[in-house]
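The values are calculated or read from the model by the stated rules, or taken from the named source; none is laboratory data. None of these values were measured; they are calculated from a predicted model. Note that each Cβ is placed from the backbone with ideal geometry, even for glycine, and that neighbours are counted across all protein chains shown.
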Amino acid sequence: MSTLQEQFVTEARELIRQAADDLIVLERDGASHERIDRVFRAFHTLKGSAGVVELPAMSITLHAAEDLLASVRQGALGSSPEIIDAALSCLDQVSRWVDDFEAAGSLPAQAGEDGRVLAQRLRSLLPAGAGQRQPGSAARKSAESVEAGLPEWAARLIAAEGDALASRMPKGASAVTAICYQPIAGCFYNGDDPLQLMRQVPDLLAFHIEPREAVAPLAEIDPYACNLRLTAICAGDRDEIAGIFRLVPDQVQITSIPRDALPATPPLANSADQALVRTVIEAQCDLLRVRDRTDDFAGCVGAAARVATNALRHADHPQLADMVQRVGALDLLQRDAGPLLTALEQVLVALVDARSTDVAEDVDGPGAVAASPTERTAERVLRVSEAKIEALVNLAGELVVAKNALTHSAKRVERDFGEHELAGSIRRDHDAIDRLVVELHGTILQLRMVPVAQVFRSFPRLVRDVSRKLDKNVELVTRGETAEADKTIVDRLFEPLVHLVRNALDHGIESPGQRRAAGKPETATISIEASRMGDRFLIEVTDDGRGIDPAVVRRKASEKRLLPADELTALTDEQVVDLVFAPGFSTAAEVSDISGRGIGMDVVRTVVEQIGGRVSLASRPGTGTTVRLDMPMTIAMSRIMVVEAGGQLFGISMDAVSETVRVTPERISRIKNNPGFVLRERIVPIVSLAELMKLPERASEAAAARLFVVTEASGRIAAFEIDAIRDRLDVVLKPMQGLLANARGYAGTTLLGDGKVLLVLDVKEILP
Amino acid sequence: MTVRRGDNGSIVLDGVCPVEDAEPLLQMLQTMPAAELDWRPCRQLHTAVLQLVLASGRAPIGPCGDAWIAQWLVPKLPQNGTGG
């Protein structure tokens, strides 16, 4: 796949997402001019890019959607749900095609037919007769007239502009296009600003404006009747120009101009000319440096700018000339010659290195022609492949480990050689490097931080589609879109959130009738809220539906035999409600195609726990349910506790550790055949880590207090008995690889400062 | 107001002049037939406003603050003698 194609895939996805968002908002908040414009531009750009990578099926479909949106924009059609549906399904199809294109480099065989059917469906929504008046047809028609010769208006404009045309021509321009735009008299009432369209024309070479019919005397003039003809010549491509004027196709003529119809490009300025231009500009600089000519300021600056501009045009530097002209105009306005002087000095520098400037202009030329106006105003973002950032993260991680080795060296220097002073110096160096490494690591991790907004974006669509299907009125509220978390986490959030929102829509939210009966507003609310709390990243999904009834859950759980009857009875209501996350649990009366397969909530817990988070649920029958996902913000770095048991070191993730305690033997008793102790009114079973790892247990003195790490995972609690706590470290956890890839009970490995490999336990898996 | 009377009796176009400015501008042009037009402070002119400037036949006091118009249109307009 070429770079162009890769870029197309990335940009197409962004445009699809943006257009879908805007369509949803359009439906919800009504059609503002600006919003339709945005949707329209997205479709238009998509269509253009599809043409560039030669996907005609995609172009045809998007073209039909574009025509439909044009009718909405012109007010010929209201934005009905049917139209939004059709536009969204067009985006869906395009999105699938983009996936196909990325995977196979081409569209599937039936794409042409699919595209045709979809285009037909889109066109069927057009008002009668509008289907025939396709925007762009005017452009096609006038293209044919090129063969017959240049239209009169174009010939006139070329004659009037003469050499100026050639001197403004960007290097490498492949096409020259002439535009004749005669806005209809009532165009101002349609919200049109014809000049505004002209301003968007890229690489303008000439522009002319004149009254279309004789101008009435001032006393009789109608200020809101447009009586103008705007003609222009530009170095853009005809299709691109047609795109700008596509909403006024009946008022514009766009014609490709053969190069031989233009005056010949003036011979490239020779070096003698260049030297002359330098001299001329230097003279203008000298003129501007004379400060006491305040009496004739305007004349002086105006003349300097004009002379310099003309000289630059003559020497074939149209961009520099335009720049000088603009600065000059600005200076006159602000009565300050400083900027013009600076600009001219810069021009002199640029002229010295004219060769490289030319190269730069060549590179910019065609690219600038191809870029659409929207892309120019878009925020400049550097795209970096994830793999490169990943490599940086790994390197920074290695650096953390390498830095830890310094502590070890300091210890050895002190212990083996008795060099206290040197050891101290190494420690200080370590501290300094440590600070930098932590900062570096943090900064690199910031690169991976993405706002959760990109995940939230899909939900307005989902809620809209599902609630329509279920005949429920639901409003989605999202808050905290700017909260950021590591990309790995944000990427994985989508699936659990989909399950939560679908569950809320399907099970939580009542039908409008039920809601009325319960005295609630008919329109239900689902909110998704992201927030940051210290180094945790929280997401709460709340609905104001019927809530979860513990009694129903209890009955279902016993029917499905999720738990032995006695255990089930012993659970509190809160613990019972938590059972909805148990594998195989579903409260839906019948399986729908939306949710209710009984797997959703299970997936939520599994995924969130995989990324080191926790899920909790709070529900009040009749009032609603809140599910809270509590996750770390980054997963690249984890904090572990290094413990010793049976003569070996192990790591335990601090996420799982709730506390470490020393317990005297008399507090330990046998509870259900298992030793345990009571901690804050909870029974904590004891697990010997050495025994679990099949290591020799250290004989302990009977009376001595024993050391435990109390861990909690998946709602279970246990105290691991250990011999000692060695360290607390921030480490980069590597997953188990090779032969050990399937070893259970380990979260991964990390390198210690002395080069030893530390096994980090997966507490959840080793809990009995 | 983006169309206003200047201190020296001129008609001043100031800032972004939208389509709504056409009406007041026309009134001023009609009631002040001798007033000069000053478009230095304007940033962007709507077509309807520009149309009236052109129809008035007056040479505005330049340079025009709307850089696009200054670049593409002004060189072809009758020049105002004061120049600034």
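Just one of (1) under 28 Å from A:Glu529 (Cβ atoms); (2) among the small types (Gly, Ala, Ser); (3) surrounded by 15 or more Cβ atoms within 10 Å (Cβ to Cβ) fails for A:Ala423. It is (1). Per this entry, A:Gly236 is not counted among residues that are outside any loop (DSSP other than H, G, I, E, B) and either crowded, with 22+ Cβ neighbours inside 10 Å or over 33 Å from the mean Cα position of the chain (by Cα) (or both). For region B:32-52: of the residues being modelled with pLDDT under 90 and out of contact with any strand residue (DSSP E or B) (no Cβ under 7 Å at 6 or more places or on another chain), which is nearest to the other protein chains (Cβ to nearest Cβ)? Filtering region B:32-52 for residues that are modelled with pLDDT under 90 and out of contact with any strand residue (DSSP E or B) (no Cβ under 7 Å at 6 or more places or on another chain), the one nearest to the other protein chains (Cβ to nearest Cβ) comes out as B:Pro33.
Yes or no, residue by residue, for (1) modelled with pLDDT of 80 or more; (2) in contact with a Lys or Arg (Cβ under 8 Å, 6 or more places away or on another chain); (3) in a helix (DSSP H, G or I); (4) under 29 Å from A:Ile60 (Cβ atoms):
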{"residue": "A:Ala119", "(1), (2), (3), (4)": "yes, no, yes, yes"}
{"residue": "A:Ala130", "(1), (2), (3), (4)": "no, no, no, yes"}
{"residue": "A:Gly149", "(1), (2), (3), (4)": "no, no, no, no"}
{"residue": "A:Pro170", "(1), (2), (3), (4)": "no, no, no, no"}
{"residue": "A:Cys180", "(1), (2), (3), (4)": "yes, yes, no, yes"}
{"residue": "A:Leu195", "(1), (2), (3), (4)": "yes, no, yes, no"}
{"residue": "A:Leu205", "(1), (2), (3), (4)": "yes, yes, no, no"}
{"residue": "A:Val215", "(1), (2), (3), (4)": "yes, no, no, no"}
{"residue": "A:Cys226", "(1), (2), (3), (4)": "yes, no, no, no"}
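The set of residues from region A:211-234 being closer than 30 Å to A:Asp316 by Cβ and at the interface with chain B (Cβ under 9 Å from one of its Cβ atoms) comprises A:Leu230, A:Ala232. Do we find that A:Asp67 is free of Cβ contacts under 8 Å to residues at least 40 places away in the same chain and not assigned by TED's automatic domain parsing to the domain that holds A:Lys469 in this structure? Considered against the rule, which asks whether it is free of Cβ contacts under 8 Å to residues at least 40 places away in the same chain and not assigned by TED's automatic domain parsing to the domain that holds A:Lys469, A:Asp67 comes out as no. Between A:Leu68, A:Leu77, A:Leu88, the distinction of being within 30 Å of A:Asp250 (Cβ to Cβ) and surrounded by 22 or more Cβ atoms within 10 Å (Cβ to Cβ) belongs to A:Leu68 only.
Condition test on B:Asp21, is it touching a Ser or Thr at 6+ places or on another chain (Cβ under 6 Å), within 21 Å of A:Arg326 (Cα to Cα) and within 12 Å of chain A (Cβ to nearest Cβ)?
no
Matching residues to (1) within 28 Å of the chain's Cα centre (by Cα); (2) without any contact (Cβ under 8 Å) to a residue 12 or more places away in the chain; (3) in the same structural domain as A:Leu751 (by TED's automatic domain parsing):
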site: A:Arg614; (1), (2), (3): yes, no, no
site: A:Gly622; (1), (2), (3): no, no, no
site: A:Val642; (1), (2), (3): no, no, yes
site: A:Leu649; (1), (2), (3): no, no, yes
site: A:Val663; (1), (2), (3): no, no, yes
site: A:Arg667; (1), (2), (3): no, yes, yes
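Strands (runs of 3 or more DSSP E) fully within region A:614-689 that include at least 2 residues being β-branched (Val, Ile, Thr): A:624-632, A:638-645, A:657-663, A:682-688.
Taken across region A:443-460, residues that are without any contact (Cβ under 8 Å) to a residue 24 or more places away in the chain and out of contact with any His (no Cβ under 9 Å at 6 or more places or on another chain) do occur, with at least one present.
For region A:158-201, a residue qualifies if it is among the acidic types (Asp, Glu) and at the interface with chain B (Cβ under 9 Å from one of its Cβ atoms), and the qualifying residues are A:Asp192, A:Asp193. The C-beta contact set for region A:499-518 (first residue without any contact (Cβ under 8 Å) to a residue 60 or more places away in the chain, second residue part of a helix (DSSP H, G or I) and among the aromatic types (Phe, Trp, Tyr), distance under 8 angstrom, 6+ apart or interchain) comprises A:Val501/A:Phe459.
Test A:Arg278 against the stated conditions and say whether it is at pLDDT 75 or above and more than 14 Å from chain B (Cβ to nearest Cβ).
The answer is yes for A:Arg278.
Each residue in region A:519-554 was checked for being touching a residue at least 12 places away in the same chain (Cβ under 8 Å), within 30 Å of A:Lys487 (Cβ to Cβ) and not aliphatic (A, V, I, L, M), and 11 pass.
Of all residues in region A:698-718, one or more are touching an Asp or Glu at 6+ places or on another chain (Cβ under 6 Å), modelled with pLDDT under 75, surrounded by fewer than 19 Cβ atoms within 10 Å (Cβ to Cβ) and of a type in the set (Lys, Arg).
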